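Here's the structure, in structure tokens; my notes come after.
Please treat every number below as a calculation from the coordinates, not as lab data. Because the structure is predicted, anything quoted here is derived from the model rather than measured. We place every Cβ from the backbone using ideal geometry, glycine too, and count neighbours over all the protein chains shown.
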Amino acid sequence: MRPSKRDHVLTSAIALIEEHGLNAVSLESVADRAGISKGGLMYHFPTRQALLLGIVDALAEDWERELRELAGGPADSVDADTRLRAYVLSMATSVTRAELMLTLEATQNPDLGDAWQPILARWAPDVSDTSTEAGRCRYLKMLAVEGLWLHDALDHRTMTAEQRTAMTEAILDLR
């Protein structure tokens, strides 16, 4: 499989999760969705676990790319406030079904969560930095935006774009 075919498989798998949930993901269902043979899919993803890890890795790479764009550079080239602002702006969108399902699955399948940890370590405030008021405020902003990220999945009262923007601005303005 060429890299573009691999990307197509991952996009197909994510679309399958969005439409039918994580339980719908099998090597057969993803191969069918991608329009390739099961053997072609298995060349790069020999197991369902390998496929799930590939999906998470792709989502994690996309997320870090977005964070870098929002911050104007990689995490190690910007200050803590710039990293946090990028994190808040990135997380202010509503969670997708695929992101939610994979996040929940990572609680039972820790390998799936491994892709997110280095990104969180680079971009999100650390709980160990909560001994000062400024550190607690940064951590509170992270907790607030993570709640905003999950809001529409947990509460049937979906926010409008204007409400979500207002909440994001309120989080950024916390002092």
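For a paramagnetic label modelled at 7 Å from the Cα of LEU172 toward its Cβ, which residues of the range 82-96 fall within the zone defined by backbone nitrogen distances under 20 Å?
Residues 82-95 fall inside that zone.
Over the alpha-carbon set of the range 89-175, divide Rg by the Kirkwood Rh and report the Rg/Rh ratio to two decimals.
Values: Rg = 14.1 Å, Rh = 14.2 Å.
The Rg/Rh ratio comes out at 0.99.
Evaluate the charge dipole of the range 1-52 about its Cα centre and quote only its size in Debye, nearest 20, assuming +1 on the Cβ of each Lys and Arg and -1 on the Cβ of each Asp and Glu.
Details: 6 positive and 5 negative charges, 51 e Å.
The calculated dipole for the range 1-52 is roughly 240 debye.
Assigning unit charges at the beta carbon (Lys, Arg +1; Asp, Glu -1) and nothing else, what dipole magnitude in debye, to the nearest 20, does the chain show about its Cα centre? Let's see the in-between values first.
Numbers: 18 positive and 27 negative charges, 57 e Å.
I would put it at about 280 debye.
Could you please report the charge total around ALA58, scoring K, R as +1 and D, E as -1 over all other residues with beta-carbon less than 10 angstrom from its beta-carbon? Can you show the working numbers first?
Numbers: positive: ARG6; negative: ASP7, ASP57, GLU61, ASP62.
Charge balance in the 10 Å sphere: -3.
Charges on Cβ only, +1 for Lys and Arg, -1 for Asp and Glu, centred on the Cα centroid of the range 1-71; of HIS8, VAL25, GLY35, which one is farthest towards the dipole's positive end?
In the range 1-71, that residue is GLY35.
Go through LEU84, GLY73, ILE171 and say which Cα lies farthest out towards the positive end of the charge dipole of the chain; charges sit on Cβ, +1 for Lys and Arg, -1 for Asp and Glu.
Going by the charge dipole, the pick is GLY73.
Mean separation of Cα pairs under 8 Å and 6+ residues apart, divided by the residue count of the chain: what relative contact order is that in percent?
Numbers: 171 pairs, mean separation 36.7, N = 175.
Worked out over the chain, it gives 21 percent.
Give a quick list of trypsin sites (Lys or Arg not before Pro) in the range 72-157 that DSSP marks as loop, anything other than H, G, I, E or B, with at most 11 other Cβ atoms within 10 Å.
Details: sites: ARG83, ARG85, ARG97, ARG122, ARG136, ARG138, LYS141, ARG157; in loops: ARG157.
For trypsin sites (Lys or Arg not before Pro) across the range 72-157 that sit outside H, G, I, E and B with at most 11 neighbouring Cβ atoms in 10 Å, the list reads ARG157.
Whole-Å semi-axes of the range 1-46's equivalent ellipsoid, largest first, each the root of 5 times a Cα gyration tensor eigenvalue? Intermediate values should be presented prior to the final figure.
Values: eigenvalues 56, 24, 12 Å².
The three semi-axes for the range 1-46 are 17, 11, 8 Å.
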